[in-house]
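The values are calculated or read from the model by the stated rules, or taken from the named source; none is laboratory data. For clarity, every value in this text was computed on a predicted model and none was experimentally measured. Ideal geometry is used to build each Cβ from the backbone, glycine not excepted, and the neighbour counts take in all protein chains shown.
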Amino acid sequence: MADRLGVEVGDEVVLVAPASDGSLGNDLYRVSGMFATGMVALDGSLGILPIGSLQELMAMPEEWIHEVAATVEDPFSAPAVGDSLAVALDARGLGYPVQPRPWTVFQAQLAEYASLAGAVNFIIVGIIFIMAVFGVANTMLLGTFERRREFAVVRALGTQPGMVALTVVYEGLILGVVALAVGVLISVPVLYWLHNYPPDLSKAFGDITMLGSVWRPVLRAEYSVDGPVVSAVALLMTSILSALYPAYRAVKILPADALADL
């Protein structure tokens with residue numbers, strides 16, 4: 001907008017706007033700074049004034065405001081927080097209704113995109129776990145085949161089939177625990193680095209405008225408890241489930257057939 005008006009910092013501009021009392025407000029202001037959000041539509045039409053200057057221009061009393069913007073830690077809790085805030089303010093008898101508008105309302109497309117991204121991430125994680133099931137099962141089956149004579153010997157010595165199956169399941173569980181420990185040792189330092197020193201790719205790619213919002217390509221990771229705990233439990237369950245079929249194959253080994261070629 002500054003380029004279109006041909007003004008720089010320190011220049012004076014005249015602002016004309018309809019006032020709240022029906023008159024035409026106008027005043028002279030000096031440009032004290034410039035900024036860019038990265039959104040072409042917003043940068044071409046947005047100017048910021050101190051609230052006192054705006055109230056004077058619009059012939060508004062000092063206690064009048066038309067909007068209060070607030071942020072919450074969990075973006076998806078904004079609708080519930082807005083409703084609670086409206087109830088609390090109405091109970092204080094302000095004399096006028098409070099209408100909260102969470103970002104999920106005026107940026108509905110962005111909210112839908114966020115939900116879709118979460119669903120896509122869930123599908124990707126599910127595919128990864130399915131691949132892990134086949135990988136662990138393949139490893140366990142190979143180990144069972146290579147040790148079929150050992151299983152045949154312990155079966156011939158009177159070991160119950162349930163104990164043989166339990167041994168294979170325990171091996172799968174141990175494999176999962178080792179994988180979990182290695183994953184924690186690798187992911188914790190990476191998570192700490194991405195949280196405290198996130199790489200900023202804006203110099204290479206610039207700000208990204210999408211769905212009426214500006215996205216800075218900063219690879220920042222947030223600490224979470226639910227995600228790692230669920231992933232750890234899912235990993236251990238995957239290891240156990242992957243060992244069930246190899247355990248079944250180990251139980252079905254006949255000692256006479258396995259030891260016949262010795």
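Tell me, please, whether a residue that is charged (D, E, K, R) and surrounded by 11 or more Cβ atoms within 10 Å (Cβ to Cβ) can be found in region 64-80. Explain how you work it out, then say what you get.
Taking region 64-80 and keeping what is charged (D, E, K, R), we get 67, 73-74.
Narrowing the set further to residues that are surrounded by 11 or more Cβ atoms within 10 Å (Cβ to Cβ) leaves none.
Scanning region 64-80 turns up no residue that is charged (D, E, K, R) and surrounded by 11 or more Cβ atoms within 10 Å (Cβ to Cβ).
Inspect all residues belonging to region 18-30 and state whether any of them is outside the structural domain of residue 117 (by TED's automatic domain parsing), in contact with an Asp or Glu (Cβ under 8 Å, 6 or more places away or on another chain) and not in a strand (DSSP E or B).
no
Among the residues of region 173-183, which ones are surrounded by 12 or more Cβ atoms within 10 Å (Cβ to Cβ) and either of a type in the set (A, V, I, L, M) or touching a helix residue (DSSP H, G or I) at 6+ places or on another chain (Cβ under 7 Å) (or both)? Steps first, please.
First, pick out the residues of region 173-183 that are surrounded by 12 or more Cβ atoms within 10 Å (Cβ to Cβ): 173-177, 179-180, 183.
Across region 173-183, the qualifying residues are 173, 174, 175, 176, 177, 179, 180.
Can you say whether residue 256 is of a type in the set (A, V, I, L, M, F, W, C) and at pLDDT below 85, as far as the supplied structure shows?
Values: of a type in the set (A, V, I, L, M, F, W, C): yes; at pLDDT below 85: yes.
Spelling it out, residue 256 is indeed of a type in the set (A, V, I, L, M, F, W, C) and at pLDDT below 85.
Which pairs do you get when a residue that is under 14 Å from residue 249 (Cβ atoms) and surrounded by 13 or more Cβ atoms within 10 Å (Cβ to Cβ), found in region 143-160, comes within reach of a residue that is β-branched (Val, Ile, Thr) and at pLDDT below 80, reach meaning Cβ atoms under 6 angstrom, with the pair 6+ apart or on two chains?
Every condition considered, the pairs that remain are 148/253; 151/253; 152/253.
From 50, 97, which residue is at pLDDT below 80, under 30 Å from residue 16 (Cα atoms) and loosely packed, with under 11 Cβ neighbours inside 10 Å? Working first, answer last.
Working: 50 fails: at pLDDT below 80.
Within the list 50, 97, the selection yields 97.
How many residues are touching a Gly at 6+ places or on another chain (Cβ under 7 Å) and more than 14 Å from residue 53 (Cα to Cα) if we restrict to region 5-17?
1
Give 122, 129, 76 a once-over and let me know the one that is assigned by TED's automatic domain parsing to the domain that holds residue 216 and touching a residue at least 24 places away in the same chain (Cβ under 8 Å). Please lay out each step first, then the result.
Numbers: 122 fails: touching a residue at least 24 places away in the same chain (Cβ under 8 Å); 76 fails: assigned by TED's automatic domain parsing to the domain that holds residue 216.
After applying the criteria, what remains is 129.
Could you tell me how many of the residues in region 209-234 are at pLDDT below 85 and either more than 18 Å from the chain's Cα centre (by Cα) or part of a loop (DSSP other than H, G, I, E, B) (or both)?
Number satisfying all stated conditions: 12.
For region 65-123, how many residues meet the condition of being farther than 19 Å from residue 224 by Cα and part of a loop (DSSP other than H, G, I, E, B)?
19
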